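The values are calculated or read from the model by the stated rules, or taken from the named source; none is laboratory data. This structure is a prediction, so every number in the text was calculated from the model and none was measured. No Cβ is skipped: glycine too gets one built from the backbone with ideal geometry, and neighbour counts run over all protein chains shown. Surface accessibility is based on the protein's heavy atoms, side chains included, excluding ligands, DNA and RNA. Shrake-Rupley method; radii C 1.70, N 1.55, O 1.52, S 1.80 Å.
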Amino acid sequence: MNERFAPPPRFRDAADQAHDLAIAQAGSDDFGEVSYREGLRVLLLSMDRDPRFTERGRRIAWGSIVAALAARAHAIGSMKDNPGFDARAVLRPIVITGIPRTGTTALHKLMAVDPQFQGFETWLNAAPQPRPPRDSWESHPLFRDVAAQLASRYAAVPDVVTAHAMAAAEVDECLFILRQGFVSNFWNSGWYAAGYDAWWQAQSERAAYDHYARVVQLVGCRETNKRWLLKNPGHIANLDLLFAVFPDASVIITHRDPARAVPSLCSLLMKSHPLMDEGPADLRAQMMLVRETEKWATAVQKAQMVEQTHEQQILHVVQSDLHRAPMAVIERIYRFAGLDLGDDVRAAMASRIADDPERQHGAHRYDIADFGMSEAAIRARFGAYVDRFDLAGGRR
């Protein structure tokens, strides 16, 4: 949570101010092609009209805007400083996606144990650049800054860490790169943003995906021999765009009973809303579950259409299988991706599974009754998807 900048009286008038602050933070005044500006404009208008921000919420939201712009400027500036960063294509990346809360994070971090992969470490999402040597990170001001921001976030909302822990040095999801295009589901999740949400649903994220693909090339340009391991639940709604920028990607789609996954997502999102927004929490929670159910049911339907032309590039993993027999799932994935699973990596993965770091902060608990919608109603919206993967009534 970035709260360092005092928010303006009216967000809609502050686009130039946000850019100036981002330039000062990034040390670069080039933000690349300008398509992101329309999304930024709509978002700033929504921030004036839709939420009832707390004072701290205003600071956090404004800080998020500036941080995303600074990260974009940092990426473009670093591209200019590293000519030839895009000389080699990103070959056969492995991409994990699926409805949120279906095991994408656990699988991503388990596979990231393997040193043959590279990924987006959290701090490089905030400051995209060719990945520096690992032993230099702790002395890097931007690394320390991201670590401090995460500590502040978990101090402010301790329950978040039980549901989705992040660390500056660990891999994280592509969402933090895609948000730099300002056409992203990131911006309708942290606070009530109905106006932006309505606009976003009618937009293409193609420009954001083009920027994202170039950032992947930038961050990995010193380690082109390493295969990329990427993860973002939102990719499931944009598999066509993902394959457009990475035509030979190997995609793993995780699955879980949506009547468990979607309320879990809403519970996670709602943990920060009281800090951000003074609006009626019960009503907002119910509205959120309706919206998220519709959003991810539509995403699944879109993914099934794309799958028809990329069937050989997609592997399906049910979350309950990952919990019950994680190494068996890993072996399936490695066969699918044409990878060798060495004894050292196998042992390291077994150690991580035994440590169960995703649950070391406690279990994430929630009650669907808090959201005013039944499990049956959620499953009905997902239709044949639930039966296809035999998801109804899953315990995890």
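Between Ser374 and Asp13, the FRET efficiency estimated from the beta carbon spacing at R0 = 56 angstrom works out to 0.80. Hydrophobic long helices, here whole DSSP H runs in the chain with Kyte-Doolittle means of at least 1.0 and Cα atoms spread over 15 Å or more along the helix axis, are not found.
The residues of segment 21-98 present an accessible area of 41 Å² per residue when probed at 1.4 Å with all protein chains retained.
One entry in (i) 99, 51, 44; (ii) 69, 61, 53; (iii) 54, 52, 40 is Cα extents along the principal axes in Å calculated from the shown coordinates; its label is (iii).
Computed over protein heavy atoms with a 1.4 Å probe, the carbon and sulfur contribution to the accessible area of the chain reaches 50%. Across all directions, the shadow cast by the convex hull of segment 229-277 built on its C-alpha atoms averages 4.9 square nanometres. Note: relative contact order over the chain, using C-alpha pairs below 8 Å and six or more positions apart, is 24 percent.
Per residue, the accessible area of segment 107-246 comes to 33 Å², computed with a 1.4 Å probe over protein heavy atoms only. For the options Leu242, Leu269, Leu283, a Gaussian network treatment of the chain with springs between C-alpha atoms closer than 10 Å singles out Leu283 as fluctuating the most. Measuring with a 1.4 angstrom probe and ignoring ligands and nucleic acids, Met287 comes out at about 80 Å² accessible. Taking all protein chains together, Arg381, Arg52 sort by accessible area into Arg52, Arg381, largest first [probe 1.4 Å]. Compute the distance from the alpha-carbon center of segment 119-135 to that of segment 18-78, in whole Å. For segment 119-135 versus segment 18-78, the Cα centre distance is 20 Å. Computed from phi, the 3J(HN,Hα) profile of segment 242-249 under the Karplus parametrisation 6.51, -1.76, 1.60 (θ = phi - 60°) reads 4, 6, 5, 8, 10, x, 9, 4 Hz, with x in place of Gly and Pro.
In this structure the amide hydrogen of Leu315, modeled in the peptide plane, comes within under 5 Å of the amide hydrogens of Val251, Ile252, Ile253, none closer than 5 places in sequence on its chain. Lysine pairs in the chain whose alpha-carbon atoms fall under 25 angstrom of each other, counting only those eight or more residues apart or on distinct chains, come to 8. The reciprocal of the average 1/r between distinct C-alpha atoms defines the Kirkwood hydrodynamic radius, which for segment 88-143 equals 13.4 Å. Ligands, DNA and RNA aside, Cys221 has an accessible area near 40 Å² when probed at 1.4 Å. Note down the accessible area of Val34, probe 1.4 Å, to the nearest 10 Å². Estimated to the nearest 10 Å², Val34 gives 100 Å². Of Leu124, Leu230, Leu21, the residue with the greatest mean-square motion in the GNM of the chain, using alpha carbon springs below 10 Å, is Leu21.
For segment 282-348, the solvent-accessible area works out to 53 Å² per residue, with a probe of 1.4 Å and every protein chain left in place.
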